[in-house]
1. Fewest Cβ neighbours within 10 Å first, please rank V183, V129 accordingly.
2. Work out the FRET efficiency for W181 and A22 from their Cβ-Cβ distance, taking R0 = 51 Å, and round it to the nearest 0.05.
3. Work out, step by step, the length gained on full extension between Q153 and V30: first 0.36 nm times the residue separation, then minus their alpha carbon distance; give nm to one decimal.
4. Quick one: Karplus J couplings for the stretch 73-82, per residue in order, coefficients 6.51, -1.76, 1.60, θ = phi - 60°, nearest Hz, x for Gly and Pro?
5. Would you list V78, V73, V30 from fewest to most Cβ contacts within 10 Å?
6. Along the stretch 8-14, what does the Karplus equation 6.51 cos²θ - 1.76 cosθ + 1.60 (θ = phi - 60°) give for ³J(HN,Hα), rounded to whole Hz, x for Gly and Pro?
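Here, each number is a calculation from the coordinates, and none is a lab measurement. Keep in mind that what you see is a predicted model, and the values were worked out from it rather than measured. Here the Cβ positions follow ideal geometry from the backbone for every residue, glycine too, while neighbour counts run over all protein chains shown.
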Amino acid sequence: MDAFSAFVPFLLLFGFSLLGVALGTVTGLVPGFHPNNVAFILLSVSPVILERLRFLTALVPSETLLVLVAATVVAASVAHTFLNFIPAAFVGAPEGETALALLPAHRMLLEGRAYEATVLSATGSFWSVVFSFLLLVPFYFLFSSLNFYETVQSRMLYILVGISALFILTESFSERWEAHWAVLLASAVFLLSGLFGCVVLRMPVPVSPFPLFSSLRSTLLFPALTGLFGLSAVLFSLLYT
């Protein structure tokens with residue numbers, strides 16, 4: 001019995017990871033659905049989920065329940081990366097990170113090479129996961145010894161300003177645009193985005209009509225960002241396909 005109890009956390013972790021794979025499969029195949037949707041939903045209802053999973057504390061410590069929820073989100077994100085190329089290529093409904101792959105995928109689709117495009121995308125996703133796991137352990141010990149997180153956190157404002165300035169100054173929409181006009185337009189979009197974020201964060205959040213979620217804190221920022229990402233992908237498809 002003691003030997004079985006030692007394997008219970010691993011069995012639960014495996015089971016919740018499979019649940020995450022199932023969720024990632026759904027989000028990957030449904031056009032416009034993103035694993036961040038699942039992550040945000042799980043985060044919003046995590047108190048309810050933890051309360052429903054309270055019976056598992058007879059088998060594992062309560063801290064393990066948080067790990068199980070996190071494993072579900074991570075597994076969903078990884079599974080999503082293997083499948084989100086399919087709706088982008090065959091349906092023409094890309095996300096923010098697959099929008100740039102839309103035109104090459106459609107060209108290969110018209111050439112009768114859609115299967116090859118899907119295989120290439122899955123192969124790239126597989127090796128990215130492999131290299132991520134291989135680099136995870138050495139980078140963990142390296143960054144821990146250098147107090148990398150604390151160093152970056154104390155300088156985060158300057159890092160974000162520098163990265164934003166780099167993106168704006170190197171912006172070029174097409175050969176028809178002069179460099180200074182592209183920079184000005186990028187600056188205007190950047191400032192409007194900041195203003196939009198300030199307005200959204202200060203807007204009152206309506207209470208959920210469902211009693212189960214009425215006590216949970218929410219924000220309008222996530223649906224706003226979801227709409228912006230979706231709109232940009234739709235405009236990109238309309239203008240360049």
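1. Taking fewest neighbouring Cβ atoms as first place, the list is V129, V183.
2. Values: r = 48 Å, r/R0 = 0.93.
With a Förster radius of 51 Å, E is 0.60.
3. Values: separation 123, 0.36 × 123 = 44.28 nm, distance 3.58 nm.
Gain on stretching Q153 to V30: 40.7 nm.
4. Karplus-based 3J(HN,Hα) across the stretch 73-82 equals 5, 5, 4, 5, 5, 5, 4, 4, 5, 7 Hz.
5. Numbers: V78 18, V73 21, V30 15.
Result, fewest neighbours first: V30, V78, V73.
6. Karplus-based 3J(HN,Hα) across the stretch 8-14 equals 4, x, 5, 5, 5, 4, 5 Hz.
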